[in-house]
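Q: Below you'll find the structure I mean.
The values are calculated or read from the model by the stated rules, or taken from the named source; none is laboratory data. Worth saying up front: this structure is predicted, and the values here are computed from it rather than measured. Don't worry about glycine lacking a Cβ; one is built from the backbone with ideal geometry, like all the others, and counts go over all protein chains shown. Note: accessible area is taken over every heavy atom of the protein model, side chains too, but ligands, DNA and RNA are not part of it. Shrake-Rupley method; radii C 1.70, N 1.55, O 1.52, S 1.80 Å.
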Amino acid sequence: MTASVPAAPAAAGWLAGSPERRGLVSRIVAGSLFLASGVGVVASVVGIGVAQAIVSRGAVVADANDVAMLNALAPVAFLFGLIGGLHVVAGFGIIFGSRQAAGLGIGLGVLDFVAGIVALILAASSNGRFDGTGIAMTFVVLGIALAVAARVADWNTYGPFTTDEAPEA
């Protein structure tokens, strides 16, 4: 009499074997996108602060329009820094497989998309006074890419949000 022993499936390899490694590639790609965009936003906030400090000391003679732009961005610089920091937090969370971080990432992608649409509306209605079309389109495309990447990473790690089973009565 021969005994049968259950064998592990042949496809259970490094990428498909353990739940911790499931969706690893998509998590790294999505997390890297969020980290890069967050560091870029935080660096721009630091750049705004440095530029304001240089101009206020009078070390550089700046155009009046540039000074007005720096002064207009001063109240919202903290908000931009906070949003950039949230991008970094979402990036690390997605890399480590947090479903809440993926949800934060989707929300930040939508926020970037909406900011791009608002900037496009401002550019279209400004009669040439606001030339931010390139920046606005960058936000639109980046917002779509970030939201899709976060959702793909979440899907590849955990699957759908709900099951197809009917609730029991």
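Q: Taking region 110-139 as the search range and keeping residues that are open to solvent by 90 Å² or more (accessible area, probe 1.4 Å) and not hydrophobic (A, V, I, L, M, F, W, C), which one is nearest to ALA90 (Cα to Cα)?
A: ASP131
Q: How many residues are of a type in the set (Asp, Glu) and either over 16 Å from the mean Cα position of the chain (by Cα) or not in a helix (DSSP H, G or I) (or both) when one looks only at region 93-140? Let's see the steps before the verdict.
A: Keep residues of region 93-140 that are of a type in the set (Asp, Glu), which gives 112, 131.
After this cut, where a residue has to be either over 16 Å from the mean Cα position of the chain (by Cα) or not in a helix (DSSP H, G or I) (or both) as well, the list is 131.
Here the count works out to 1.
Q: Given the options ARG99, ARG57, name the one that is within 19 Å of ASP154 (Cβ to Cβ), basic (Lys, Arg) and exposed (fewer than 15 other Cβ atoms within 10 Å of the Cβ). Let's see the steps before the verdict.
A: Values: ARG57 fails: within 19 Å of ASP154 (Cβ to Cβ).
It is ARG99.
Q: If you don't mind, there's one more thing I want to ask. State the number of residues belonging to region 108-161 that are free of Cβ contacts under 8 Å to residues at least 12 places away in the same chain and closer than 22 Å to GLY23 by Cβ.
A: 3
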